[in-house]
There are 2 protein chains.
Amino acid sequence: MHTSAAPLSPPFAQGPLRAVPQALLDALAQRFGAQCSTALAVREQHGRDEGSIQAPPPAAVVFAESTQDVQDAVRLAAQYSVPVIPYGAGSSLEGHLLAVQGGISIDVGRMNRVLAIDAEDLTVTVQPGITRKQLNDAIKDTGLFFPIDPGADASIGGMAATRASGTNAVRYGTMRENVLALELVTASGEALRTGTRAKKSSAGYDLTRLIVGSEGTLGIITEVTVRLFPLPEAVSAAVCSFPSIEAAVRTVIQTIQLGVPIARCELIDAHSVRAVNRHSKLSLREEPMLLMEFHGSPASVQEQAETVQDIAREFGGNAFEWASTPEERTRLWTARHNAYFAAMQTRPGCKAITTDACVPISRLADCLLDSVAEADASGLPYFLVGHVGDGNFHFGYLIDPAIPEERERAEQLNHQLVARALRLAGTCTGEHGVGIHKMGFLRDEAGDGAIAMMRAIKQALDPQNLLNPGKIFH
Amino acid sequence: MHTSAAPLSPPFAQGPLRAVPQALLDALAQRFGAQCSTALAVREQHGRDEGSIQAPPPAAVVFAESTQDVQDAVRLAAQYSVPVIPYGAGSSLEGHLLAVQGGISIDVGRMNRVLAIDAEDLTVTVQPGITRKQLNDAIKDTGLFFPIDPGADASIGGMAATRASGTNAVRYGTMRENVLALELVTASGEALRTGTRAKKSSAGYDLTRLIVGSEGTLGIITEVTVRLFPLPEAVSAAVCSFPSIEAAVRTVIQTIQLGVPIARCELIDAHSVRAVNRHSKLSLREEPMLLMEFHGSPASVQEQAETVQDIAREFGGNAFEWASTPEERTRLWTARHNAYFAAMQTRPGCKAITTDACVPISRLADCLLDSVAEADASGLPYFLVGHVGDGNFHFGYLIDPAIPEERERAEQLNHQLVARALRLAGTCTGEHGVGIHKMGFLRDEAGDGAIAMMRAIKQALDPQNLLNPGKIFH
């Protein structure tokens, strides 16, 4: 267990811890009453995420219930030059919400209302704390759905802040493509709006896209308008096992290159299938596997599935096994989403060091297979899953956090993998964000000039460096 | 004809004219030789666009042939605090390339090479001066195409800079969705890269999307990587006439709300059809018309077309007339693209004041029909075309530039239309950009807070205000 005294896990530097004066805590208590907590348990819960890095917790947690609450908390913190860290559902893997320079946490979880369903425009406007499952539940009578599905039941605000994507992105895009408009609170506590509900616009700088993926460092998101999609007339999910990871990956590459509008296309390696079988009481064939879903009219779904089945057969894939009912599909996708936790259970007490490279589809086999060989040679237990239709995949190296050498070995594998992805015209992070884990990788990827541009923007919009400092870049 | 002495057309303020010292012209001549011109005809050609606003021409034009040329021109200009204005194909409608504060033009038209075709990844990397037609010509043997089609044969760099879209955007998205990576030259003359060829990324601030649509004010684009799409197996284009604009628009709204993946969905009003018939020697029925295109497998194209034909019939639309051969389709789309020039010819010597509002699809009828009524009542001749599948449409008010009252009346109509679009959750510009024409509209749309954020970014990245000053905001 980690405690308030836990240092930031090596090799991550602490950064300067900034003082949180009692006067600020008093002012917060006065303004927010029971909406503000300094209880250790509450602070600790807001000072960790699903990743492997630890840091001391924030000095206080404000439970915002309105944009005005966020503005007031930011203004008070700014008076005392104290960092503020937005908190959604806590499902980050990259240390986004760790108080690495001290400060207070602003939890927007109570701001979880649906503000406007504009079904006829295929848009919905929500507060940032609503989770994707809550959102889909709220719109289930409209015949529409919000497709972006990172696995975890993340908050929409957090998903916007990290430019999240997940299993449906291959067809429906990521938060980059699907956020239309935002309300945000700036470093000086002002609220402003970016974007409109129009589907496209050339109206000045694309502030919406600048904030999406800025990881809470340029503003705190207080409202999000996202696109929705009509529920497909027909949905079919299929599982296909392959003799090797390579065969599965070659099938994916050809599917994408042919332009098949596949809705989900997930790779799960044999380690993960084993873990999932045990965790979710399934009996999937314990071989590398593609988990696919097709959306469209009945005719189009059949056409897509036949095309992919033909490709898979060429590469030695087995006959598709179909999950036709909604219940079977839910079971299958729940199993996929639980792969992370299922794999963690194979090594009790372990932590996962998770990679997130994404490469152009033609480079997927090169990037992935060499990394599999390195992981196998390392002796570390690991699992491999991936949104391979997008060229994005995750190794989870399962380390014993008490053995520093294991963390080092895992980070070394990660390093080699990222270097390979960059050589192959890819990115160090397809969807998890930079946080504090990938700052070095981002520098390698973007170069000093682009980092200097990001830093200049940060400096211009947050001159006191109050908004989630110590993330993305130094 | 306008001359070097032509003042900026009212009601647009000139802005402070900044001196271009002879020493800079000498330095440019020395560095660039015949690649730099101060001839009046060359300067005038680079000091106007397809819009209705006039300004004095730039003091010199540099014909850049490489990123290094752009860097050197920017560095020399920066030494003398002289503005630089990037020039692509000159097809802007909003005065983007007018030297409203003086300065020099950097013409990237000679930087028109294809740098890398990565067909297996559906991407291509080009220099900014290549036009969209040149690009499609260069990749025609790959089985892929670049769908974004603003009508004009614009340069890819200019299209990125204005976040262009056009007829195919309803299915394939705009430059916002289709630019993956950029190289740009900053205000200090440094070259840097943004993005990668990976399909998605969460690696830090989305500098690519910040530069896309920044209209040359944050950097000069010197390389662009865009997405390509497989040529559809089947393509069908159809024309459908309607008894009223309202009937056509209601058909569009229902088509989009049903999620039909229509590839093009254009409205042309009866004025425009008449002009197009005369200009392109066609015999289209002179009624409000939808011009549509369907892409997909043969089965999917048929399915889509039947769905839309059923909807159109409900609203009194005629039977579809099909353009089945590539030649017939090209003829039809060329006619559509010539609507602007065809309409201009109906009033010799006129200028068009062009609107560009875009609203959520459910508001399209409200926004458009009230604006038609106002235009009819104004007595000004006009035409109306639109990418209505995206909720985007253009009135062109045809004014005699010698009659100030006509310009005023047209701008008044534009003003009323934009105010209406903003009330209906839309934007003042779907695809043309802000330039100098829509600065007031942008302020109405975005609000002071968002404009202040844009200005802070501009100030941080271009402290001397050298890059295309006097555009987007004051």
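The values are calculated or read from the model by the stated rules, or taken from the named source; none is laboratory data. Keep in mind that this is a model prediction, so the values were computed, not measured. Cβ: placed from backbone, ideal geometry, glycine included. Neighbour counts: every protein chain shown.
Only residues that are more than 16 Å from A:PRO360 (Cα to Cα) and at pLDDT 95 or above: list them for the range A:247-265, please.
The answer is A:ALA247, A:ALA248, A:ILE262, A:ALA263, A:ARG264.
Among the residues of the range A:255-272, what is the count of those that are within 14 Å of chain B (Cβ to nearest Cβ) and without any contact (Cβ under 8 Å) to a residue 60 or more places away in the chain?
3
Taking the conditions exactly as written (out of contact with any helix residue (DSSP H, G or I) (no Cβ under 6 Å at 6 or more places or on another chain) and more than 25 Å from B:PRO83 (Cα to Cα)), does B:GLU406 satisfy them or not?
yes
Need a quick list: strands (runs of 3 or more DSSP E) entirely within the range B:341-459 having at least 1 residues that are under 22 Å from B:ILE253 (Cα atoms) and touching a residue at least 24 places away in the same chain (Cβ under 8 Å).
The qualifying strands (runs of 3 or more DSSP E) are B:382-387, B:392-399.
Could you check how many residues of the range A:318-334 are touching a helix residue (DSSP H, G or I) at 6+ places or on another chain (Cβ under 8 Å) and part of a helix (DSSP H, G or I)?
The qualifying residues number 2.
For B:LYS133, all conditions in the list (1) more than 7 Å from every other protein chain (Cβ to nearest Cβ); (2) farther than 30 Å from B:PRO326 by Cα hold save one; what is the number of the exception?
(2)
Within the range B:309-317, does at least one residue satisfy the condition of being surrounded by 23 or more Cβ atoms within 10 Å (Cβ to Cβ), touching a helix residue (DSSP H, G or I) at 6+ places or on another chain (Cβ under 9 Å) and of a type in the set (Val, Ile, Thr)?
No: zero hits.
Conditions: (1) of a type in the set (A, V, I, L, M, F, W, C); (2) in contact with a Leu (Cβ under 7 Å, 6 or more places away or on another chain); (3) surrounded by fewer than 24 Cβ atoms within 10 Å (Cβ to Cβ); (4) touching a residue at least 40 places away in the same chain (Cβ under 8 Å). B:ILE156 meets all but one. Number of the miss?
(3)
List the number of the failed condition for A:ALA450; all other conditions in (1) closer than 27 Å to A:ASP149 by Cβ; (2) touching a strand residue (DSSP E or B) at 6+ places or on another chain (Cβ under 7 Å) hold.
All conditions are met except number (1).
Tell me the residue from A:HIS437, A:HIS387 that is surrounded by 24 or more Cβ atoms within 10 Å (Cβ to Cβ) and either within 9 Å of chain B (Cβ to nearest Cβ) or among the aliphatic types (A, V, I, L, M) (or both), please.
A:HIS387
Of the residues B:LEU424, B:LEU398, B:LEU413, which single one is in contact with a Cys (Cβ under 6 Å, 6 or more places away or on another chain) and away from every other protein chain (no Cβ under 12 Å)?
B:LEU398
For B:LEU282, state whether it is assigned by TED's automatic domain parsing to the domain that holds B:PHE341, in contact (Cβ under 8 Å) with a residue 60 or more places away in the chain, aliphatic (A, V, I, L, M) and outside any helix (DSSP H, G or I).
Against the criterion (assigned by TED's automatic domain parsing to the domain that holds B:PHE341, in contact (Cβ under 8 Å) with a residue 60 or more places away in the chain, aliphatic (A, V, I, L, M) and outside any helix (DSSP H, G or I)), B:LEU282 does not qualify.
Confirm whether A:PRO288 is surrounded by 21 or more Cβ atoms within 10 Å (Cβ to Cβ) and either modelled with pLDDT of 95 or more or farther than 30 Å from A:PRO86 by Cβ (or both).
Answer is yes for this residue.
Just for strands (runs of 3 or more DSSP E) wholly inside the range A:182-254: which have at least 2 residues that are within 28 Å of B:HIS96 (Cβ to Cβ)?
Per the criteria, A:191-195.
Among B:VAL260, B:VAL301, which is the only one that is buried (at least 17 other Cβ atoms within 10 Å of the Cβ) and not in a loop (DSSP other than H, G, I, E, B)?
None of the other options fit; the residue is B:VAL301.
Which one of these is within 30 Å of B:SER300 (Cβ to Cβ) and more than 13 Å from chain B (Cβ to nearest Cβ): A:ALA275, A:ALA248?
Checking each option against the conditions leaves just A:ALA248.
Filter the range B:96-128 for residues that are within 14 Å of chain A (Cβ to nearest Cβ) and out of contact with any Leu (no Cβ under 8 Å at 6 or more places or on another chain); which is farthest from B:GLY51 (Cα to Cα)?
B:GLU120
If B:SER52 satisfies all but one of (1) surrounded by 13 or more Cβ atoms within 10 Å (Cβ to Cβ); (2) modelled with pLDDT of 95 or more, what's the number of the condition it fails?
(2)
Among the residues of the range B:164-181, how many are in contact with a His (Cβ under 8 Å, 6 or more places away or on another chain), part of a loop (DSSP other than H, G, I, E, B) and at the interface with chain A (Cβ under 7 Å from one of its Cβ atoms)?
1
So B:LEU93 fits all but one of (1) surrounded by 20 or more Cβ atoms within 10 Å (Cβ to Cβ); (2) modelled with pLDDT of 95 or more; what number is the exception?
Single failed check for B:LEU93: (2).
Here is a check on your reading of the model: is A:VAL372 surrounded by 23 or more Cβ atoms within 10 Å (Cβ to Cβ) and either in the same structural domain as A:LEU98 (by TED's automatic domain parsing) or of a type in the set (A, V, I, L, M) (or both)?
no
Identify, please: which residue in the range A:423-434 is over 20 Å from the mean Cα position of the chain (by Cα) and among the aliphatic types (A, V, I, L, M) and is, among those, surrounded by the fewest Cβ atoms within 10 Å (Cβ to Cβ)?
That would be A:LEU424.
How many residues does the range B:182-211 hold that are more than 7 Å from chain A (Cβ to nearest Cβ) and either crowded, with 24+ Cβ neighbours inside 10 Å or not polar (S, T, N, Q) (or both)?
10
Look at A:LEU24 and say whether it is over 30 Å from A:PRO230 (Cα atoms), among the hydrophobic types (A, V, I, L, M, F, W, C) and touching a residue at least 60 places away in the same chain (Cβ under 8 Å).
Against the criterion (over 30 Å from A:PRO230 (Cα atoms), among the hydrophobic types (A, V, I, L, M, F, W, C) and touching a residue at least 60 places away in the same chain (Cβ under 8 Å)), A:LEU24 qualifies.
If you check B:ALA55 against the conditions, is it among the small types (Gly, Ala, Ser) and either in a loop (DSSP other than H, G, I, E, B) or closer than 29 Å to B:TYR340 by Cβ (or both)?
Against the criterion (among the small types (Gly, Ala, Ser) and either in a loop (DSSP other than H, G, I, E, B) or closer than 29 Å to B:TYR340 by Cβ (or both)), B:ALA55 qualifies.
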